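A short write-up of the structure that comes next.
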Amino acid sequence: MAENLFTPTSAQVNEPESLKFTFERLLSEAFFIELVKVQAVRGAAPNLVVDAIPLVTRTDQSGAMIQNSTIFNIPVFRLQRGSSAIIMNPVVGDIGMIAICDRDTTLVRANRKESVPGSGRKHSKSDALYLGGFLNAQPTEYVEFTGSGINIKSPGTVNINGLKILPDGRLQLADGSIVDAHTHGGVSPGGSNTAPLEP
C-alpha cells in the first residue's frame, strides 16, 4: 500500500488504529464547548449578539498553530425569567464560553418558537451561544453574596427606583434631598411635625 502523507503510518497498517484515526477525523468536524474572547458587541435584547474568536487553536500534522477565525452573531446568555433579569452585557475583551448546539438553530432564533432545523448541519460554530465570565480580571462593580450578608459595590451611583446611593455612601431621595446632610425647619416642642427635608 502506498504511504499516505496525511495519515499517520500506524493508521495505514493497523486496523484498530485506522478506525481510531477515522473516528477522530469525523469528530474533529463537530464542536461542543470552547473558550472565546469577545471581539464586538451588537444589538439589544432579545437580539444582543457578540462576535468572538476561540482561544484554543488547532495544530497541523507538524504541530504548527492553525489560526482561528472569528465567529459572528452569537446570541448572548442573560440571567432572566419572564420580564425580570440581571442585565450585564458583555464588553469587548471579555473572555467567556460558547456552547455549540447540536443542530441548526437559525429558524428558532428567527421565530422564537419550536421550529425544524434550518439545515442539516450539526455541531457547527454557527449555532453557538455565548456565556460570559471566565478568566476575567477582578471586578470593581459587583453584587456579592457572602452567606452572612450582601455587598453591593459600585464606582458610581446606585439607583433603586429613584432612591440613590451616592459613591461616597450618602443617600439621596427621589426629590433630591440628601438624607445625612439636611436641616429640619419649623420644629417646636410638643406634637408638631418637622418640615420636609431641604435639598
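The values are calculated or read from the model by the stated rules, or taken from the named source; none is laboratory data. This one's a predicted model, so the numbers in the text were calculated from it and none came from an experiment. Positions of Cβ are backbone-derived with ideal geometry, glycine not excepted, and every protein chain shown enters the neighbour counts. What goes into the accessible areas is simple: the full protein's heavy atoms, side chains included, and nothing from ligands, DNA or RNA. Shrake-Rupley method; radii C 1.70, N 1.55, O 1.52, S 1.80 Å.
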(request) Among the candidates Ile74, Ile87, Ile100, single out the residue that is exposed (fewer than 15 other Cβ atoms within 10 Å of the Cβ) and of a type outside the set (S, T, N, Q). (result) Ile87
(request) Would you mind stating whether Glu114 is modelled with pLDDT of 95 or more and over 17 Å from Gly43 (Cβ atoms)? (result) yes
(request) Test Arg81 against the criterion of being closer than 21 Å to Ser126 by Cα and not polar (S, T, N, Q), and give yes or no. (result) no
(message) Name the single residue that is modelled with the lowest pLDDT among those in the range 1-55 being among the polar types (S, T, N, Q) and not in a loop (DSSP other than H, G, I, E, B).
(response) Thr9
(message) Within the range 158-196, take every residue that is of a type in the set (S, T, N, Q) and open to solvent by less than 70 Å² (accessible area, probe 1.4 Å) and give me the one that is modelled with the highest pLDDT.
(response) Gln172
(request) Could you pull out every one of the strands (runs of 3 or more DSSP E) wholly within the range 66-162 that has 1 or more residues that are of a type in the set (Asp, Glu)? (result) 142-145
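Results for (1) touching a Lys or Arg at 6+ places or on another chain (Cβ under 9 Å); (2) farther than 22 Å from Asn89 by Cβ; (3) exposed (fewer than 12 other Cβ atoms within 10 Å of the Cβ), shown as yes or no for each residue.
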residue: Thr106; (1), (2), (3): no, yes, no
residue: Arg109; (1), (2), (3): no, no, no
residue: Lys113; (1), (2), (3): no, yes, yes
residue: Ser119; (1), (2), (3): yes, yes, no
residue: Ala128; (1), (2), (3): no, no, no
residue: Gly133; (1), (2), (3): no, no, no
residue: Pro139; (1), (2), (3): yes, no, yes
residue: Val143; (1), (2), (3): yes, no, no
residue: Thr146; (1), (2), (3): no, yes, yes
(request) Identify, by number, the condition in (1) under 20 Å from Lys125 (Cα atoms); (2) of a type in the set (Gly, Ala, Ser); (3) free of Cβ contacts under 8 Å to residues at least 60 places away in the same chain; (4) open to solvent by less than 80 Å² (accessible area, probe 1.4 Å) that Gly63 doesn't meet. (result) (1)
(message) Only one of Val41, Val50 is open to solvent by less than 40 Å² (accessible area, probe 1.4 Å) and farther than 18 Å from Lys122 by Cα. Can you tell me which?
(response) Val50
(message) Tally up the residues in the range 101-135 that are free of Cβ contacts under 8 Å to residues at least 40 places away in the same chain and of a type in the set (A, V, I, L, M, F, W, C), please.
(response) 5
